[in-house]
There are 2 protein chains.
Amino acid sequence: MVSTKEVIVGIDMGGTSLRALVVNPQNEILAVEKTPTNVAQKPDGLIRDLAALAEDVVRAAGLRKSQLRAVSIGAPGAVDPEHGVVYHAPNLGWDAVPLGAKLGKLLRVPVFAENDVNVGLVGEHVLGAGRGAQDLVGIFAGTGIGGGIILQGQLYLGARGAAAEVGHMIVQVDGPLCGCGNHGCIEALASRTAMERDVRAAIRSGQKSCVLKLMEERGKERMTSSVLQRALRKNDPVMRKVMKRAQYYMGMLVASVVNMLDPECVVIGGGIAERLGESYVAPIRKTAYQNFLRRHDAERVKIVPGTLGDNAGPLGAVILARRRLQK
Amino acid sequence: MVSTKEVIVGIDMGGTSLRALVVNPQNEILAVEKTPTNVAQKPDGLIRDLAALAEDVVRAAGLRKSQLRAVSIGAPGAVDPEHGVVYHAPNLGWDAVPLGAKLGKLLRVPVFAENDVNVGLVGEHVLGAGRGAQDLVGIFAGTGIGGGIILQGQLYLGARGAAAEVGHMIVQVDGPLCGCGNHGCIEALASRTAMERDVRAAIRSGQKSCVLKLMEERGKERMTSSVLQRALRKNDPVMRKVMKRAQYYMGMLVASVVNMLDPECVVIGGGIAERLGESYVAPIRKTAYQNFLRRHDAERVKIVPGTLGDNAGPLGAVILARRRLQK
C-alpha cells in the first residue's frame with residue numbers, strides 16, 4: 001500500500017520513444033509505460049505528451065494522481081539541473097526549453113530534469129553495476145557515445161557543466177571525421193554509427209556480409225543493435241572484424257580514462273552493452289587492463305556492463321529527484 | 001623578523017638536482033639552495049643529503065634550525081602522502097622508502113612527502129597561473145609528461161592514488177612506443193624525449209638541422225630545453241616542424257582533457273613551458289579551442305603557461321605541509 005505523495009515518476013526522453021516508470025520509496029518499479037517521441041511537434045506538444053505519459057503510468061500502477069510526489073526527466077542534451085531548463089538537445093530540436101517549469105505547471109508537482117547520460121549513471125551507481133563505488137565513470141555506447149562521472153559519490157559536472165563528454169576524447173589524432181566536426185573522437189571510431197560506416201565500406205569494397213540483408217529483413221534503415229547482434233550470431237566476418245576493432249578502441253579509451261581519473265569502477269552501458277552484455281565488455285576490459293599505466297593492481301578497477309538496461313535512466317532520474325526534494 | 005618555528009623548507013627531488021627553498025608564512029622565499037642528486041648511492045645516503053640541504057638553506061636564510069617548523073618534499077614517483085612513503089620512483093631507484101620517517105628522525109621536525117607533479121600543481125594553484133580556479137588540470141611536459149588534477153580546490157588522487165597520469169592518455173592508437181610499454185601515449189608523441197627521437201630521425205633521413213651541433217657545443221648528450229630553444233631561435237627547420245607537431249598533439253590532449261573534465265583552467269608547466277612560455281602554449285591553446293566539443297564558450301577555459309618555474313614544486317610542497325599541520 002502506497003501512502004499519499006510517495007511515488008515518483010522517472011522518464012527517459014529518447015529520440016524514438018519516451019519511457020516512464022513509477023517508483024516507490026523502496027525503489028520498486030510499480031508500472032512502466034512507453035510512447036513514441038513525436039519530434040516533429042513543437043516543444044509544448046512534446047511536453048503535453050510527457051504530462052499525459054506521467055498520468056498514464058501512475059494510473060497503470062493503480063494509483064491516483066494525488067499520490068504523485070514529483071516527476072524527473074532525463075533529457076538528451078545540455079541541461080541546467082538547477083532550473084530544469086534543457087539548453088541544447090539537437091535530437092529533439094530543442095533550445096533553451098524550460099521543461100521543468102512548463103511540465104510542472106501542467107502536472108502541479110515538482111519536475112526535475114538532468115542530462116540523460118548522467119541520470120543513467122546515477123541509476124547504475126545506486127541500483128546497478130556501480131553499487132558501492134565512490135569514484136565511477138560511465139561510458140554509454142549506442143548511436144553515439146556519452147559519458148558520466150561520479151566522484152566521491154556525486155555527479156561531477158565541470159566548471160561550465162560540460163564535463164564527461166567521453167565520446168569526444170580523441171584517441172586517434174587525424175582519425176575519421178566525427179559528428180562534432182573534429183577527427184578521431186572515440187565516437188567516430190566505436191559508436192554504432194561508426195561501425196555501420198565501416199561495415200558499409202567493407203561491403204562496398206567487395207567483402208561478403210549479411211548485415212544489409214538483415215537490415216532489410218527487419219525493415220531497418222540503420223544497423224541497430226539487434227541487427228548487430230544477429231550478424232555476430234551468424235558469425236558474419238565483416239561484422240566480427242568491425243566489432244573487434246571497435247572493442248579495441250573502447251579498451252584504449254577506458255585505459256586513457258583510468259590513467260586520468262583512476263576510478264574504482266567503469267560501467268559500460270548503452271544500446272550495444274545492453275544487447276551483448278559481457279561478450280561486448282570482456283575484450284574491452286582485456287585491452288584496458290593491458291594499457292593501464294599501473295598494471296600491477298589493474299584488476300582493482302572493475303570494468304563491467306550496466307545491469308539496469310533501459311531502466312537505468314528513469315531510475316537514476318527518480319533518485320536525483322529524491323535528493324533534490326530532501327535539500 | 002621570523003619568530004620561532006615559523007619557516008618551512010620545501011624541496012624538489014629532481015633526477016639531476018635537489019632544490020630547496022625556505023619559505024615564511026607570507027609565502028616569501030627567504031633562501032634557495034641546490035645540490036646535485038647523487039642517485040648512485042643508496043636511499044639512506046640521499047636522505048642524508050636532503051637533511052644537509054635543509055639545514056644549509058635554513059642557515060643561508062640567516063635562521064637557526066630551531067626556527068624550522070617542517071620539511072616537505074616533492075618526490076618523482078608514487079608517494080603515499082599519509083605516511084610519507086615513496087613507493088616507486090624509477091628515476092631514483094627507490095622502492096617503498098619511508099622518506100618521511102627517516103628524514104624526520106635526522107632533522108627532528110615533521111617531514112611530508114607528495115608526488116612532485118602534484119606539489120607543482122598545488123604551487124601554481126595557490127601562488128601561480130592557476131590562482132582562483134576551483135577545478136584545475138596541470139600538464140607538465142619535459143623529459144616525460146606528468147599531470148595533476150585539482151577538483152573543488154583539492155588534489156584529486158583517484159581510488160588507487162594513481163590518478164592524473166595525463167602523460168599516458170592515448171591520443172594515437174597504435175602510435176609510437178612509449179616508455180611505459182604502450183603505444184600512442186601523449187608522452188611518446190610530445191615529450192622532449194619524443195621530440196629528440198623525431199629530430200634524430202629527420203637528421204638520419206638527410207634533413208638539415210643544427211640540433212646535434214648545438215648539443216655538442218653545449219656538451220649535452222640529450223636535447224635539453226635550452227638546446228631546443230636555441231634551435232628554434234636559429235629557425236632550424238627540423239626543430240620547428242617537430243615542435244609544431246608536438247604542440248598539435250598537446251592541443252589535442254588538452255581538448256580531450258577538457259571534454260572529459262571541463263576545468264576552469266589548464267596550466268602547462270614543466271621544462272619546455274618554463275623555457276618557451278607563451279610561444280609554446282599559444283599554438284596548443286589554439287588547437288585545443290578548435291577541438292573542444294563545446295566551442296561557443298571555449299575561451300572560458302584558461303590555458304596558460306605556469307608562472308612559478310622551478311619554484312612551483314617546493315612552494316606547493318610548503319603549502320601542502322601547512323595544510324597537514326593544520327589538520
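With the label put 7 angstrom out from Cα along the Cα-to-Cβ vector, B:P283 ends up 3.8 nm from the copy partners, going from closest to farthest. Relative to the other identical copies, A:K65 shows label-point distances of 8.2 nm, where the label point lies 7 Å from Cα along the Cβ direction and values run shortest first. Can you give me the angle between helix A:192-204 and the longest principal axis of chain A, using Cα atoms only, in degrees from 0 to 90, rounded to the nearest 10? For helix A:192-204, the angle is close to 40 degrees.
Rounded, prolate or oblate: which one fits the range B:132-307, using the alpha carbon gyration tensor with axes a ≥ b ≥ c (rounded when a/c is under 1.5, else prolate when a/b beats b/c, else oblate)? In terms of gyration-tensor shape, prolate.
Helix B:116-127 and the longest principal axis of the Cα set of chain B meet at an angle near 80°.
According to the square roots a ≥ b ≥ c of the eigenvalues of the Cα gyration tensor, what is the shape class of the range A:1-64, taking rounded for a/c under 1.5, prolate for a/b larger than b/c otherwise, and oblate for the remainder? Taking the square roots of the gyration eigenvalues as a ≥ b ≥ c, the range A:1-64 is prolate. Centre-to-centre separation between the Cα atoms of the range B:171-223 and those of the range B:288-303: 29 Å. The calculated 222 nm mean residue ellipticity attributable to helices in chain B amounts to -12500 deg cm²/dmol, summing -39500 (n - 2.57) over DSSP H runs of n ≥ 4 and dividing by all residues. How high is the relative contact order of the range A:198-327, given as a whole-number percent (alpha carbon pairs under 8 Å, six or more residues apart)? Normalised by residue count, the contact order of the range A:198-327 is 23 percent. Coordinate range of the alpha-carbon atoms in the protein assembly as shown per principal axis, descending: 81, 63, 39 Å.
Peptide A:154-161 has a mean shielding of 6, counted as Cβ atoms of other protein chains within 10 Å of each residue's Cβ. Within chain B, DSSP assigns beta bridges of which about 60% are antiparallel (rounded to the nearest 5). Ranking A:G153, A:M250, A:G132 by how far each Cα lies toward the positive end of the dipole of the protein assembly as shown (charges on Cβ) leaves A:M250 at the top. Here B:N27 yields copy-to-copy label distances, from shortest upward, of 4.3 nm, the label point defined as 7 Å from Cα along Cα to C-beta. Between 0 and 90 degrees, the angle of helix B:43-60 with respect to the longest Cα principal axis of chain B falls at about 70 degrees.
When +1 charges are put on Lys and Arg Cβ atoms and -1 charges on Asp and Glu Cβ atoms, the dipole computed for the range B:132-307 relative to its Cα centre reaches about 800 debye. In the full protein context, the range B:132-307 carries 40 Å² of accessible surface per residue, based on a 1.4 Å probe and ignoring ligands, DNA and RNA. Peptide B:181-189 shows a mean partner chain C-beta count of 3 within 10 Å per residue C-beta.
Among beta bridges identified by DSSP and lying wholly in the range A:132-307, the antiparallel ones come to about 55 percent. Taking square-rooted eigenvalues a ≥ b ≥ c of the alpha carbon gyration tensor, is the range B:266-323 rounded, prolate or oblate, where a/c under 1.5 means rounded and, failing that, a/b exceeding b/c means prolate? Oblate shape, in that a/c is at least 1.5 and b/c is the bigger or equal ratio.
Each Cα pair under 8 Å and six or more residues apart adds its sequence gap; the mean of these over the residue count of chain B is a relative contact order of 19 percent. Placing +1 on the Cβ of every Lys and Arg and -1 on the Cβ of every Asp and Glu, with no other charges, gives the range A:6-101 a dipole of roughly 260 debye about its Cα centre.
Taking GluC sites (Glu not before Pro) across the range A:21-125, the ones in a DSSP loop with at most 13 further Cβ atoms lying within 10 angstrom of their Cβ are A:E28, A:E82. For chain A, the mean projected area of the C-alpha convex hull, equal to one quarter of the hull surface, is 17.3 nm².
Dipole magnitude for chain A: about 620 debye, using +1 per Lys or Arg Cβ and -1 per Asp or Glu Cβ, origin at the Cα centre.
Inter-chain neighbour count for B:70-83: the average number of beta-carbon atoms from partner chains within 10 Å of each residue's beta-carbon is 0. Summing both sides, how much accessible area is buried between A and B? Use a 1.4 Å probe and give Å² to the nearest 100. The buried area between A and B, both sides summed, comes to about 4200 Å². Cross-link pairs exceeding 24 Å in C-alpha to C-alpha distance, out of B:K65/B:K105; A:K241/B:K244; B:K34/B:K327, comprise A:K241/B:K244; B:K34/B:K327.
Here the range B:90-174 is treated as a sphere whose radius is the Kirkwood value from Cα pairs; by Stokes-Einstein at 4 °C and 1.567 mPa s it diffuses with a coefficient of 88 µm²/s. Listed by chain and number, the aspartates and glutamates whose alpha-carbon sits under 14 Å from that of B:K102, ignoring those within fewer than 8 places in the same chain, are B:D44, B:D49.
The values are calculated or read from the model by the stated rules, or taken from the named source; none is laboratory data. Keep in mind that what you see is a predicted model, and the values were worked out from it rather than measured. So basically every Cβ, Gly included, is an ideal-geometry build from the backbone, and we count neighbours across all protein chains shown. To get the accessible areas, we keep the full protein, side chains included, count just its heavy atoms, and leave off ligands, DNA and RNA. Shrake-Rupley method; radii C 1.70, N 1.55, O 1.52, S 1.80 Å.
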